[in-house]
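So the structure is just underneath, and the comments pick up after that.
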Amino acid sequence: MKHTSSLALVVLLALSSPALAQSPRVEVSVLGGWTLSDGVTTDTAVVSGDGNVYNRIDPKDSFNWGLMAGVNATDNVEVGFLFNSQMSMLQIDGSTTKDIGDLTVNSYHGYVAFNMGEADATARPYFLIGMGATSYGSVEFTGRNGQAASTTGETQFSTTLGAGIKMFPSPKVGARFGIRWTPTYIKSDSAGWWCDPYWGCYVVASAQYSNQWDFSGGVTFRF
């Protein structure tokens with residue numbers, strides 16, 4: 001009986017040890033929300049056949065959805081990948097605003113997230129930083145001559161910064177809400193001349209970025 005009791009005690013201690021009772025390491029989230037977008041100005045204003053002048057091009061504010069998967073390297077540091085797709089429309093702006101055609105904006109970012117609080121906390125604020133690319137799809141439209149036409153797609157380097165909160169009413173399923181800013185480099189314009197007594201004079205460029213502000217929430221599964 002003494003040996004049996006000792007064995008039961010060893011098993012109980014082993015099952016309650018940190019090595020066998022680790023917190024879930026993998027988190028997968030399905031997201032949905034709304035994106036506020038802006039684009040860039042053109043180098044020169046364009047006089048269109050409709051009599052209006054246009055000097056700006058933008059993705060339209062619209063719905064977005066996404067997926068993210070992360071691995072908790074430690075109790076507070078998470079490393080993962082984030083995909084987001086904005087179902088938008090291309091707009092031109094100037095003396096009036098005109099919708100051109102449907103535009104899909106996809107972003108792909110590897111990220112590092114810093115989760116605050118204890119690993120088993122019910123609510124965990126977080127912030128993340130990531131790098132990757134944003135892809136602007138081609139846009140199909142009908143010209144003023146009635147002929148079908150399309151723009152070419154483009155992919156550019158982008159970064160992303162985000163913050164939010166994760167809530168886990170149960171150990172395996174929770175919810176998350178957050179905001180994320182994704183600036184994407186598009187082009188550089190001449191901003192004038194800069195002169196230095198040693199290096200001489202040269203043209204200074206001003207970079208333009210397309211910005212996306214993503215407000216989203218979703219369901220998170222932990223494994």
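For the stretch 22-222, the Kirkwood hydrodynamic radius comes to 19.1 Å, computed from all pairs of different C-alpha atoms.
The relative contact order of the stretch 22-222 comes to 20 percent, based on Cα pairs under 8 Å that sit 6 or more residues apart.
Distance between the pseudo-spin-label points of residue 112 and residue 89 (7 Å out from Cα toward the beta carbon): 4.1 nm. A convex hull fitted around the alpha carbon atoms of the stretch 93-186 yields 147 Å³ per residue. Available extension along the chain between residue 77 and residue 154 is 24.4 nm, counting 0.36 nm per residue and deducting the alpha carbon span. Relative contact order of the stretch 73-152: 28 percent, from C-alpha pairs under 8 Å at least 6 residues apart in sequence.
Per-residue Karplus couplings for the stretch 60-77, computed as 6.51 cos²θ - 1.76 cosθ + 1.60 with θ equal to phi - 60°, are listed in order as 7, 4, 6, 5, 9, 9, x, 9, 9, 9, x, 10, 7, 5, 9, 5, 10, 10 Hz, Gly and Pro entered as x. Between the beta carbons of residue 142 and residue 179, assuming R0 = 35 Å, the FRET efficiency works out to 0.45 to the nearest 0.05.
Rule-based calculations on the coordinates, nothing more; no lab input. Here the structure is a predicted model, which is why all the values come from computation and not from measurement. Note that we place each Cβ from the backbone using ideal geometry, even for glycine, and neighbour counts take in every protein chain shown.
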